[in-house]
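Notes follow once the structure below has been shown.
No value in this document is a laboratory result; all are computed from the given coordinates. All of these numbers come straight from a predicted model, not from anything done at the bench. Backbone-built Cβ (ideal geometry, glycine too); neighbour counts: all protein chains shown.
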Amino acid sequence: MKASCIAGNYLKKEHLYTMRMCQMTAEKWLSCDHMFKVSANIGFWLNKRWVKLYDTLFIVLNEEGIVLSWKLCKGTKF
């Protein structure tokens, strides 16, 4: 139940998060990387077994470490 509240709250505000990230810029450089630990927590229980929905989280940061964009992915290919 707690997870559905968190997801529901995110979905209500998703457009606000997207608009805010669009306002962020990078002056000097971008850093892009796949994160594996975060995606391990996104899934559901099926027959007493955890089923992951995604393999990685692809994240783009600017020189100040501010998230400019992100996407949950299946695999590490562009």
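Using modelled amide H (1.01 Å from N, peptide plane; none on Pro or chain starts), what sits under 5 Å from the amide H of D55, excluding residues fewer than 5 places away?
HN-HN under 5 Å from D55: C73, K74, G75.
Please give the contour-minus-distance gain from W70 to M24: 0.36 nm per residue of separation, less the Cα-Cα distance, rounded to one decimal in nm.
Working: separation 46, 0.36 × 46 = 16.56 nm, distance 1.30 nm.
Contour length minus Cα-Cα distance gives 15.3 nm.
Once you've got the GNM for the chain with C-alpha springs shorter than 10 Å, pick whichever of F36, F44, F58 has the biggest mean-square fluctuation.
Residue with maximal mean-square fluctuation among F36, F44, F58: F44.
When only C-alpha pairs under 8 Å and at least 6 residues apart count, what is the relative contact order of the stretch 25-78, in percent? Before the final figure, lay out the partial values.
Numbers: 100 pairs, mean separation 19.3, N = 54.
After rounding, I find 36 percent.
If you build a Gaussian network model of the chain, linking Cα atoms that sit under 10 Å apart, which residue out of L16, L61, L46 swings the most?
L46
In deg cm²/dmol and to the nearest 500, what is the mean residue ellipticity at 222 nm of the chain if only DSSP H runs of at least 4 residues count, each as -39500 (n - 2.57), divided by the residue total? Provide the component values of the computation, followed by the final result.
Details: 1 runs with 22 residues, N = 78.
Computed ellipticity for the chain at 222 nm equals -10000 deg cm²/dmol.
By how many degrees, between 0 and 90 and to the nearest 10, does the Cα long axis of helix 2-23 differ from the longest principal axis of the chain?
20
Please give the contour-minus-distance gain from A40 to L11: 0.36 nm per residue of separation, less the Cα-Cα distance, rounded to one decimal in nm. Walk me through the numbers on the way to the answer.
Numbers: separation 29, 0.36 × 29 = 10.44 nm, distance 2.01 nm.
Additional length available on full extension: 8.4 nm.
Do any GluC sites (Glu not before Pro) in the chain lie in a DSSP loop with no more than 10 other beta carbon atoms within 10 Å, and if so, which? Can you show the working numbers first?
Working: sites: E14, E27, E63, E64; in loops: E27, E63, E64.
Those satisfying the criteria are E27, E64.
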